[in-house]
């Protein structure tokens, strides 16, 4: 287990961690609503028109993408779960009720067990260096890529 303490400089009452520039720190703060949502043990979709979550994992040349896309406008929340590993893609229809996804057929790994109900630890991301950021001028698309300590994987949000 690694225990790290991050110290930084103070700017206008806020402390910027040593492993962040002011720009990276300000950019990362725009992800606050997402972190709050991901920290929930049971996801609350109230007020959302749609929910799409994608986890992209790259280890060397191997790429895995796990994506769930839900229409949350109806009381009967439905959507699709897609796993892409390399060139292989598998999609199954899903419904969401009582805090979990229900799958129309077998697929592995299950998104809710492996990813959706993953309780994100914000401190973990705070300990990582920011590899790169992207903020689209035309859309509200933002992306932040963290570089884990071992430098073999990247984590994209």
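The values are calculated or read from the model by the stated rules, or taken from the named source; none is laboratory data. Because the structure is predicted, anything quoted here is derived from the model rather than measured. Cβ coordinates were reconstructed from backbone atoms using ideal geometry, including for glycine residues, and neighbour counts include every protein chain displayed.
Values computed for the structure shown
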{"read-out": "Selected residue [in a loop (DSSP other than H, G, I, E, B) and within 30 Å of residue 16 (Cα to Cα)] from 140, 106", "value": "140"}
{"read-out": "Test result for residue 48, surrounded by 10 or more Cβ atoms within 10 Å (Cβ to Cβ), in a loop (DSSP other than H, G, I, E, B) and either modelled with pLDDT under 80 or out of contact with any strand residue (DSSP E or B) (no Cβ under 8 Å at 6 or more places or on another chain) (or both)", "value": "yes"}
{"read-out": "Selection status of residue 134, in a helix (DSSP H, G or I), assigned by TED's automatic domain parsing to the domain that holds residue 18, touching a strand residue (DSSP E or B) at 6+ places or on another chain (Cβ under 9 Å) and modelled with pLDDT under 90", "value": "no"}
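Let's see how each residue does on (1) modelled with pLDDT under 85; (2) out of contact with any strand residue (DSSP E or B) (no Cβ under 9 Å at 6 or more places or on another chain); (3) part of a loop (DSSP other than H, G, I, E, B):
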site	(1), (2), (3)
9	yes, no, no
19	no, no, yes
23	no, no, no
33	yes, yes, no
36	yes, yes, no
44	yes, yes, yes
65	no, no, no
68	no, no, no
78	no, no, no
